[in-house]
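The values are calculated or read from the model by the stated rules, or taken from the named source; none is laboratory data. The structure presented is a predicted model; accordingly, all values stated were derived computationally and were not measured. Cβ atoms come from the backbone with ideal geometry, glycine included; neighbour counts cover every protein chain shown.
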Amino acid sequence: MVVSDATTKQQLIDHLFRYSVRTGDFTLKSGKKSSWFIDSKQTACRPDGLLLLADLALDLIPADVTAIGGLTVGADPVAYGIAAIAATRGRSLRSFTIRKEAKDHGVAGRLAGPLEPGDKCVITDDTVTRGTSPMEAVHVARELGAEPVMVLVVVDRGGTCQAMAEAEGLEFRALVTAPELGFPYEGA
């Protein structure tokens, strides 16, 4: 059975509402107040949610991309899950993590995983509000000799990451946006 992207997207939105979206009175990491909160890892870490987001993401990721990853911990389940599902479909995407701080023992530096110089990569994250985490990962990936080509997030909550990505010469794609969930953007 062939399922349209629109159907898959609606199923992802439904899954996000069931497991990831909460309404109430919240204080965001930025200190701003909000009437809603989303923990999209609750979707990305469930097999049915991961399949939905991978179906949408794999249609968007350019064919010449060889790696996917981003800043831990938000990017981890998204990158690892998409790479694993891609492998079951005959597509090889290596997944990687950018640590928040460099390690000075074992494998040194901020990279965990097989990101290699020259790799065309997608920088991912679960949810972005301001967009600083994916942009930090873009800069680290470039320092490591990789070539980020896209920022791909599960949920764009803030509406500001697209302009930041485009300023870096990158395509930006969100599988779902705050307005598609019925909420206004809550950017920086």
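From the list 88, 127, which one is β-branched (Val, Ile, Thr) and closer than 22 Å to residue 42 by Cα?
Numbers: 88 fails: closer than 22 Å to residue 42 by Cα.
Just one listed residue meets the conditions, 127.
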It is to be established whether one or more residues within the range 78-89 are buried (at least 18 other Cβ atoms within 10 Å of the Cβ), within 19 Å of residue 39 (Cα to Cα), aromatic (Phe, Trp, Tyr) and modelled with pLDDT of 95 or more.
yes
Which pairs turn up if I take residues in the range 72-87 that are under 14 Å from residue 49 (Cβ atoms) and look for partners that are assigned to a helix (DSSP H, G or I) and of a type in the set (S, T, N, Q) with beta carbon separation below 9 Å, at least 6 apart in sequence or on another chain?
none
In the range 143-188, the residues that are buried (at least 20 other Cβ atoms within 10 Å of the Cβ) and of a type in the set (Asp, Glu)
156
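Which of the residues that make up the range 143-188 are assigned to a loop (DSSP other than H, G, I, E, B) and without any contact (Cβ under 8 Å) to a residue 12 or more places away in the chain?
169, 182, 184
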Tell me the residue from 95, 34, 30, 20 that is of a type in the set (Ser, Thr, Tyr) and touching a Gly at 6+ places or on another chain (Cβ under 6 Å), please.
95
Restricting attention to the range 57-73, report how many residues are touching a helix residue (DSSP H, G or I) at 6+ places or on another chain (Cβ under 7 Å) and surrounded by fewer than 23 Cβ atoms within 10 Å (Cβ to Cβ).
2
Can you pull out the strands (runs of 3 or more DSSP E) entirely within the range 4-101 that have at least 2 residues that are within 18 Å of the chain's Cα centre (by Cα) and either more than 17 Å from residue 128 (Cα to Cα) or small (Gly, Ala, Ser) (or both)?
67-71
Do you know which of the residues in the range 1-56 that are of a type in the set (Val, Ile, Thr) and under 27 Å from residue 83 (Cβ atoms) is surrounded by the most Cβ atoms within 10 Å (Cβ to Cβ)?
43
Look at the range 120-142 and say how many of its residues are among the acidic types (Asp, Glu), outside any helix (DSSP H, G or I) and surrounded by fewer than 21 Cβ atoms within 10 Å (Cβ to Cβ).
0
